[in-house]
Structure formats: C-alpha cells, structure tokens
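Written out below as structure tokens is the structure these notes cover.
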Amino acid sequence: MGSRLSYELLIPQALHDQRIPTMILLTLVENAVKHGINPAVDGGRISVSANRERDTLVLKVSDSAKAWQRPTGTAWVSPISGAA
C-alpha cells in the first residue's frame, strides 16, 4: 500500500489511557482497507476516532472511499473504566 494509504487518529486526550479489548479495531480497519482504500486507484485515508457517550466508549473507523457516507465500522465498549 505504501504511499497510497494515510491515516489519522482522532482520540481525545482524556481517552488516551483507556484500555480496550485486544484487536477490537483490527476487523474494522482491515475492512476499510480491503473495501475502501485498496480498490481506489489513488488509495485513500483511514480515520480512527474515539469518543465517550455517557459511560460507553465509541470507536469509529472510516475511510475516504466515495461509496461510504458514514463510518465504515463502529465498536461500542462499555462501560468506560472510571466513568462518572
């Protein structure tokens, strides 16, 4: 993939120490690469984001492919440790 793939991580500082199950993002990122970036001649960009919704950690993976208008995949990890 080389120069055809770029990525960004949009993780708030408050969630940097949050633990998540091992390999939970693997399938979502792999799907974004396989079905979004790989078919595109010019490649594309993968975005991984995290946010907190009440006591749930929401992880989203999206790609720059034109076919998708919403995140490629979402994982909900609940509850967030130390949630108020």
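Brief remarks follow.
- Modelled this way, with points 7 Å down the Cα-to-C-beta line, the labels at ALA14 and THR27 are 2.9 nm from one another.
- Applying the Karplus relation 6.51 cos²θ - 1.76 cosθ + 1.60 with θ = phi - 60° to region 15-26 yields 3J(HN,Hα) values of 9, 4, 9, 5, 8, 10, x, 3, 6, 4, 8, 3 Hz, where x marks Gly and Pro.
- Distance from region 48-62 to region 1-41 (C-alpha centre basis), Å: 13 Å
- Peptides 7-18, 53-64, ordered by how many other C-beta atoms sit within 10 Å of their residues on average, highest first, read 53-64, 7-18.
Only the coordinates and a few stated rules stand behind these numbers; no lab work does. Just so you know, these numbers come straight off a predicted model, no measurement behind them. So basically every Cβ, Gly included, is an ideal-geometry build from the backbone, and we count neighbours across all protein chains shown.
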